[in-house]
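Colleague: Structure in structure tokens, see below.
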Amino acid sequence: MFRRTRRLATLARSWSLLRAIRHEQDAPELFYRPLAEDTATLLDALSRDATGSGLTGRAVLDVGGGPGYFAAAFAARDARYVPVEPSVGEMAAAGICVPGSVRGDGQHLPFRDASFDLVYSSNVAEHVPSPWAMAEEMLRVTRPGGLVVLSYTVWLGPFGGHETGLWEHYVGGEFARRRYAAKHGREPKNVWGESLFAVSAAEGLRWARAADAELLLAFPRYHPAWAWWLVRVPVLREFLVSNLVVVLRKREIAGT
């Protein structure tokens with residue numbers, strides 16, 4: 001199962017995305033453009049593996065759509081793409097106009113129940129104080145039989161501290177924030193306790209298993225397929241998974 005998705009997860013892809021991460025702060029387009037293309041390709045493969053058809057004609061909700069880099073990648077696949085983002089500044093940051101974009105909070109999505117075929121969130125859960133409330137909202141607005149794909153950065157992984165460093169967050173989030181501010185003379189974009197929180201792989205897996213949905217797959221976002229086994233090992237996964245993806249299918253309503 002998930003053969004298309006597994007075929008995408010190569011070492012070459014992992015290395016390419018890892019190299020792009022270094023541009024997130026200084027040249028965002030060099031990071032987000034390839035990430036957008038990779039995300040759309042990944043979601044199309046997940047949809048084909050899970051439902052038998054890709055993104056064409058599907059209503060897709062991007063929770064935390066940011067400045068709009070992802071829109072073109074989904075348009076190229078003929079998906080009906082809707083991004084939702086709480087920050088007006090973030091939406092306008094790249095000067096990209098995305099028709100149909102919505103300002104809203106992922107923890108209180110401004111959409112009716114069962115509105116979308118596929119709902120996903122990429123690297124947002126670690127930036128909200130109630131990530132599992134957001135995950136429940138994602139499930140609420142997904143149609144029965146539709147997919148929820150939640151991808152987030154694991155705190156104890158090497159990128160858990162985001163721009164504050166590769167090791168500083170292991171000492172503590174507040175320490176990492178202070179050290180960054182002292183070194184650069186300004187606060188980091190992701191401020192510990194305000195816009196960056198410690199989220200574990202175990203928490204995401206626990207939510208997914210308890211949700212009113214079928215957990216189809218859990219894997220490391222940026223790892224080659226031969227390393228996906230790391231998700232199954234407690235403790236080890238917290239340090240080596242880096243970014244966890246959980247894929248759920250919303251249960252069909254009985255009698256329909």
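The values are calculated or read from the model by the stated rules, or taken from the named source; none is laboratory data. Not measured: the values here are computed from a predicted model. Every residue, glycine as well, gets a Cβ built from its backbone with ideal geometry; the counts of neighbours run over all protein chains shown. Just the protein is used for accessible areas: all its heavy atoms, side chains included, with ligands, DNA and RNA removed. Shrake-Rupley method; radii C 1.70, N 1.55, O 1.52, S 1.80 Å.
Colleague: Scan region 204-223 for residues that are open to solvent by 10 Å² or more (accessible area, probe 1.4 Å) and within 22 Å of Thr39 (Cα to Cα) and jot them down.
Modeller: Listed by number, the residues that qualify are Glu214, Leu215, Leu216, Leu217, Ala218, Tyr222, His223.
Residues checked against (1) touching a residue at least 40 places away in the same chain (Cβ under 8 Å); (2) on the phi > 0 side of the Ramachandran plot:
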| site | (1), (2) |
| --- | --- |
| Glu37 | no, no |
| Ala45 | yes, no |
| Gly54 | no, no |
| Gly57 | no, yes |
| Gly64 | yes, yes |
| Ala71 | no, no |
| Phe74 | no, no |
| Arg77 | no, no |
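Colleague: Assuming Ala50 fulfils every condition listed in (1) modelled with pLDDT of 95 or more; (2) open to solvent by 30 Å² or more (accessible area, probe 1.4 Å) apart from one, which condition is it?
Modeller: With respect to (1) modelled with pLDDT of 95 or more; (2) open to solvent by 30 Å² or more (accessible area, probe 1.4 Å), Ala50 is out only on (2).
Colleague: For Thr5, state whether it is among the β-branched types (Val, Ile, Thr), under 17 Å from Asn123 (Cβ atoms), modelled with pLDDT of 90 or more and in a helix (DSSP H, G or I). Steps first, please.
Modeller: On the way: among the β-branched types (Val, Ile, Thr): yes; under 17 Å from Asn123 (Cβ atoms): no; modelled with pLDDT of 90 or more: yes; in a helix (DSSP H, G or I): yes.
Considered against the rule, which asks whether it is among the β-branched types (Val, Ile, Thr), under 17 Å from Asn123 (Cβ atoms), modelled with pLDDT of 90 or more and in a helix (DSSP H, G or I), Thr5 comes out as no.
Colleague: I would also like to ask the following. With (1) closer than 22 Å to Pro129 by Cβ; (2) open to solvent by 20 Å² or more (accessible area, probe 1.4 Å); (3) in contact (Cβ under 8 Å) with a residue 12 or more places away in the chain as the list, and Arg237 as the residue in question, which single condition is left unmet?
Modeller: (1)
Colleague: Would you please name the residue that is least open to solvent (accessible area, probe 1.4 Å), looking only at residues in region 167-197 that are free of Cβ contacts under 8 Å to residues at least 60 places away in the same chain and within 20 Å of the chain's Cα centre (by Cα)?
Modeller: Within region 167-197, the subset free of Cβ contacts under 8 Å to residues at least 60 places away in the same chain is 167-188, 191-194.
Cutting the leftovers down to within 20 Å of the chain's Cα centre (by Cα) gives us 191-194.
Working: Val191: 22, Trp192: 80, Gly193: 47, Glu194: 137 Å².
So, considering only residues that are free of Cβ contacts under 8 Å to residues at least 60 places away in the same chain and within 20 Å of the chain's Cα centre (by Cα), the one least open to solvent (accessible area, probe 1.4 Å) is Val191.
Colleague: Let me ask something else. If we keep just the residues of region 61-100 that are assigned to a loop (DSSP other than H, G, I, E, B) and open to solvent by 50 Å² or more (accessible area, probe 1.4 Å), which is modelled with the highest pLDDT? Spell out how you get there, then give the answer.
Modeller: So the first thing to find is which residues in region 61-100 are assigned to a loop (DSSP other than H, G, I, E, B), and the list is 64-70, 76-79, 86-87, 93-100.
Of the ones still in play, those that are also open to solvent by 50 Å² or more (accessible area, probe 1.4 Å) are 76, 78, 86, 93, 95, 97, 99-100.
Values: Ala76: 92, Asp78: 95, Pro86: 74, Ala93: 48, Gly95: 47, Cys97: 52, Pro99: 59, Gly100: 64.
This residue is Asp78.
Colleague: Just wondering, is there one or more residues in region 12-21 that are at pLDDT below 90, open to solvent by less than 10 Å² (accessible area, probe 1.4 Å) and within 20 Å of Leu150 (Cβ to Cβ)?
Modeller: no
Colleague: Also: I need the full set of residues from region 101-159 which are open to solvent by 10 Å² or more (accessible area, probe 1.4 Å), under 23 Å from Val231 (Cα atoms) and assigned to a strand (DSSP E or B), in order please.
Modeller: Residues satisfying the conditions are Ser122, Thr153.
The rows are residues; the columns are (1) among the polar types (S, T, N, Q); (2) farther than 27 Å from Glu174 by Cβ; (3) modelled with pLDDT of 95 or more.
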{"position": "Val199", "(1), (2), (3)": "no, no, yes"}
{"position": "Ala210", "(1), (2), (3)": "no, yes, yes"}
{"position": "Pro220", "(1), (2), (3)": "no, yes, yes"}
{"position": "Arg232", "(1), (2), (3)": "no, yes, yes"}
{"position": "Leu240", "(1), (2), (3)": "no, no, yes"}
{"position": "Leu248", "(1), (2), (3)": "no, yes, yes"}
{"position": "Glu252", "(1), (2), (3)": "no, yes, no"}
